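In what follows, a structure is listed as structure tokens, so that the remarks can point back to it.
The values are calculated or read from the model by the stated rules, or taken from the named source; none is laboratory data. The structure displayed is predicted, hence computed values, not measured ones. Virtual Cβ from ideal backbone geometry, glycine too; neighbours counted across all protein chains shown.
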Amino acid sequence: MRTACGSQGGHRGGGIVVVKLIVIVATGVVVYFAIALILIASSTPPSGPLEDGGKQGLDFTGTRGDYSDLPEQITFTARDGTALPYRRYEGTAANGRFVVLVHGSGWHGMQFHAMAKKLAADGLGTIIVPDMRGHGEAPATRGDVDHIGQLEEDMADLIDELQRQAGGPAQVVLGGHSSGGGFVVRFAGGAYGDRADAFILMAPFLKYDAPTTRPNSGGWARPATRRIIGLTMLNAVGITALNHLPVISFAMPQEVLDGPYGHTATTSYTYAMTTSFAPRPDFGSDLAAIDEPFLLVGGAADEAFLAERYEETISPHAPGGTYVILPSVSHLGVVSDPGAIAAVEAFLSELPAAR
């Protein structure tokens, strides 16, 4: 009789332990989600003019140019059926090469007009300049994508379309500036990285706390840090429903917003866009996937990044790159400075014509 009672008592004791464990786990889950949601709700990206009167941020004075001969946009159809725009600068020589240039955060492909025109005129390839999804003249949803990774899918679809147009294998050089350079690093480390044969990184963004990044990219990026942490917590357990919330805004000068192309600026990004347009958190693993030739061009006067630290940061992961750091060149100047364009031309000239 004592044995039976002891057995029943043991079962009751075991049941109590299980119930306590369930309560502890459930409480932990509730607390986890509560913290994430509080962080998300308590932070939004700032808007409006900078409190310092505009002393921070990027220098846009050198970006004014002649766009009277800007090529008309054409479109390709992405896998979700969306027509996405790009400009095509035809080369003077058919060398079986496409050079695809990805713009930086907040702007669009027009920033490459001077460079693209020069590269094409010098017969270094057909230059392709897309407006990435969520950017440009009239995107379906400005500053957002449908899901994390969609920009990589779009780029793969664009490259596939270019290969179809070429009627056979063509060399693809993928380049990008700032966040566009970060996207190039992400693309190289992702499922579609083998679609590019060489890479050009122009003042690339690697990570908010990378050795190359000034605080908040020199004042250009204005993140809602607590919201980003909260959304990262939700994404870590597979919850993506709130990824369309804005998490970062950009210090776009009012004179740009009031100018003729102000309506084409994208002044904030959602979590999905911010994540899709940057290397993965372990950016070294993305860099390590770059086993093709690459060029890095930076400016010693970059307001957002520390150009002199690129080589020491990148080369341990991706050895063999060519680094060109130009004196007195700003962050935005990297895409239009004659020295920067000359560095890109030299790199392209030394590449084999095709795979």
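Before moving on, here are some points about what is shown:
- Only residues that are over 18 Å from the mean Cα position of the chain (by Cα) and either crowded, with 18+ Cβ neighbours inside 10 Å or touching a residue at least 60 places away in the same chain (Cβ under 8 Å) (or both) were counted across segment 238-251, and they come to 2.
- The residue list A116, A140, A120, A78 contains one member that is touching a strand residue (DSSP E or B) at 6+ places or on another chain (Cβ under 7 Å), of a type in the set (A, V, I, L, M, F, W, C) and over 22 Å from L295 (Cα atoms), which is A78.
- Segment 296-342, residues that are within 26 Å of W220 (Cα to Cα), of a type outside the set (V, I, T) and assigned to a helix (DSSP H, G or I): A307, E308, R309, Y310, E311, E312, L332, G333, P338, G339, A340
- Pairs where the first residue, in segment 306-324, is under 13 Å from D291 (Cβ atoms) and the second is at pLDDT 95 or above and exposed (fewer than 14 other Cβ atoms within 10 Å of the Cβ), C-beta under 8 Å, 6+ apart: H317/S285
- Scanning segment 26-58 for residues that are in a loop (DSSP other than H, G, I, E, B), surrounded by 10 or more Cβ atoms within 10 Å (Cβ to Cβ) and either modelled with pLDDT of 90 or more or of a type outside the set (A, V, I, L, M, F, W, C) (or both) yields S42, S43, T44, P45, P46, S47, P49, D52, G54, Q56, G57.
- Count of residues meeting criterion [basic (K, R) and over 16 Å from the mean Cα position of the chain (by Cα)] in segment 268-312: 1
- Counting the residues of segment 298-346 that are of a type in the set (F, W, Y) and surrounded by fewer than 21 Cβ atoms within 10 Å (Cβ to Cβ) gives 1.
- Each residue in segment 204-236 was checked for being out of contact with any Phe, Trp or Tyr (no Cβ under 8 Å at 6 or more places or on another chain), over 16 Å from E303 (Cβ atoms), touching a residue at least 12 places away in the same chain (Cβ under 8 Å) and assigned to a loop (DSSP other than H, G, I, E, B), and 2 pass.
- Just one of the numbered conditions (1) buried (at least 23 other Cβ atoms within 10 Å of the Cβ); (2) among the hydrophobic types (A, V, I, L, M, F, W, C); (3) in a helix (DSSP H, G or I) is not true of I290: (3).
- Taking first residues from segment 31-43 that are at negative phi and partners that are polar (S, T, N, Q) and in a helix (DSSP H, G or I), the Cβ contacts under 7 Å between residues at least 6 apart in sequence or on separate chains come to S43/T225.
- Filtered by the rule that a residue be touching a residue at least 60 places away in the same chain (Cβ under 8 Å) and more than 15 Å from the chain's Cα centre (by Cα), segment 101-135 gives M110, Q111, F112, A114, M115, K118, L119, D122, L124, G125.
- A83 fulfils the conditions (1) loosely packed, with under 12 Cβ neighbours inside 10 Å; (2) closer than 21 Å to F183 by Cβ; (3) modelled with pLDDT under 95 except for a single criterion, (3).
- Criterion: among the polar types (S, T, N, Q) and out of contact with any Gly (no Cβ under 6 Å at 6 or more places or on another chain) - qualifying residue of T266, T322: T322
- For S285, the conditions (1) assigned to a loop (DSSP other than H, G, I, E, B); (2) surrounded by fewer than 17 Cβ atoms within 10 Å (Cβ to Cβ); (3) small (G, A, S) all hold with the exception of (1).
- Test result for A116, surrounded by fewer than 21 Cβ atoms within 10 Å (Cβ to Cβ) and either of a type in the set (G, A, S) or closer than 21 Å to F187 by Cβ (or both): no
- If you go through segment 160-189 and keep only what is over 18 Å from L119 (Cβ atoms) and buried (at least 19 other Cβ atoms within 10 Å of the Cβ), you end up with S178, S179, G182, F183, V185, R186, F187, A188, G189.
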